[in-house]
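Working notes for the structure below.
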Ligand code: HEM
């Protein structure tokens, strides 16, 4: 399943890159026969379509079969798993089982499930690898975040951070916001098409025009974020150390009715991962054979932006942290 999703996302990322295919800019090229030089995009498009179909069909069919054989486990497709009263399992998919013969509804369910998985498969890891890079580069940020965690949770490592702790951790919240600003996971957003004529700085933009919002440039706007290349969570805190809010906080997630529907899910996933990693681990620059620190290079790349590979050391902060993690991994599902 993971392979299927990765393959479909590869095609999606390629197709989403502005100007990756000439036919996007010159639609008449779609009439070009596939065998002509330059017509290879048609084969590529067919392969991408097949990958997308697999992403829609395979997990859906799997869950449907599991439901029919009463083996289904909790998952998104099984949103409300209720057994009994002669109704059997009711869920996203079982609801669609009842509406067999309604292809439009079935397609919507498949698309929603596929988007939920594929939307997060690359973006959340992009933010988390930027986080690890930022922590290796800025030990003082890490130390301040860990001091906040120590204050709320103590150092006896009886439990891991949970969402109820979030309001008590403004600095960790600011770290998450800064990760999303410093490396917006989808730096150019997705293509939008103008629903009506518009204008921008004197340029006429006709209805139907494909436009890209340059999120990367916005999150590096000097006016909004002074010294924008510096990783500095404090920019989001007021003088009392509280998390401020502004109309620009959601820029990394896009705009309008097409804004990322996974926004809250993503933000919470990143928060809990950041808080847990910082509570349990120390992230440091790695050293070479002579004991000299290797400076990680800060460079981001890709339609979904990832830091270029870098080396660092990640070790448990204390033995008690190691024991707690071991217990969680062994006993929790
Ligand atoms: C770091 C995490 C994430 C970031 C920065 C991010 C960012 C974005 C951006 C910039 C867009 C384009 C919005 C626009 O067109 O204006 C988008 C679209 C989308 N995202 Fe996310 N995303 C993240 C995580 C997720 C997750 C976890 C999911 C699913 C659970 C998800 C699902 C989607 C979907 C389905 C769309 C397409 C929406 C549409 O075209 O109507 N994203 N995301």
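For the stretch 2-45 and the stretch 154-231, write down the distance between their C-alpha centroids in whole Å.
When both Cα centres are located, 28 Å separates them.
If I stretch the segment between residue 290 and residue 159 completely, what's the gain in nm (0.36 nm per residue apart, minus their alpha carbon distance), one decimal?
On the way: separation 131, 0.36 × 131 = 47.16 nm, distance 3.82 nm.
Net length gain for the segment: 43.3 nm.
How compact and how long is the stretch 154-243, expressed as Rg and Dmax of its alpha-carbon atoms in Å?
Using the Cα atoms of the stretch 154-243, the pair Rg, Dmax is 19.0, 62 Å.
Tell me, what is the FRET efficiency for residue 245 and residue 152 to the nearest 0.05, using R0 = 22 angstrom and their Cβ-Cβ distance as r?
On the way: r = 21 Å, r/R0 = 0.97.
Efficiency, from the Cβ-Cβ distance: 0.55.
Considering the chain, what Rg and Dmax in Å follow from its alpha-carbon atoms?
23.4, 71
Could you order peptides 301-314, 28-41 by the average number of other Cβ atoms within 10 Å of their residues, highest first?
Ranking, from highest mean packing down: 301-314, 28-41.
Could you give the nm distance between label points at residue 258 and residue 204, where each point is 7 Å from its Cα heading toward the beta carbon?
Placing both labels 7 Å along Cα→Cβ, they lie 2.3 nm apart.
Since every read-out is calculated from the coordinates, none of them should be taken as a lab result. What you see is a predicted model; the values in this text were computed from it and never measured. We place every Cβ from the backbone using ideal geometry, glycine too, and count neighbours over all the protein chains shown.
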